[in-house]
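Any read-out appearing in this document is the output of simple, stated calculations on the displayed coordinates, not a laboratory observation. Note that the coordinates shown come from a computational prediction; the quantities given were computed from them, not determined experimentally. Backbone-built Cβ (ideal geometry, glycine too); neighbour counts: all protein chains shown.
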Amino acid sequence: MAIGTWPENRGSRVMVRAYRGKSHDEILAAFQRDAELLLVQGFEPAGQHYVAGAYGYWFTVIAVLLILVGIGLLLVAAMLLNPRPGTLVVTYLRLGQAH
């Protein structure tokens, strides 16, 4: 799912969109769907940047502390087996316009 667009008015030659989802496949599907729709409107992907997802600092600290009572092992195992998906940021350029 696209989580943001900059600039919002789409009158610019450059558009930046961010995609986030529950899985990497969902993120890529949203990007591919948007890329096809935006190509019809004259925008082409010019660059991409992926930021890997991570569990929060406090979640990690609590999981490590709970290892002392045993339940933390389950949390750490879940964190390792189910990494959080990240955010894909794509820059689109409008084709055929002068600078």
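Suppose we filter region 42-96 for residues that are under 21 Å from residue 30 (Cα atoms), hydrophobic (A, V, I, L, M, F, W, C), touching a helix residue (DSSP H, G or I) at 6+ places or on another chain (Cβ under 9 Å) and loosely packed, with under 13 Cβ neighbours inside 10 Å; how many remain? Result for region 42-96: 1. Among the residues of region 24-41, the one identified as loosely packed, with under 11 Cβ neighbours inside 10 Å and over 19 Å from residue 91 (Cβ atoms) is 25.
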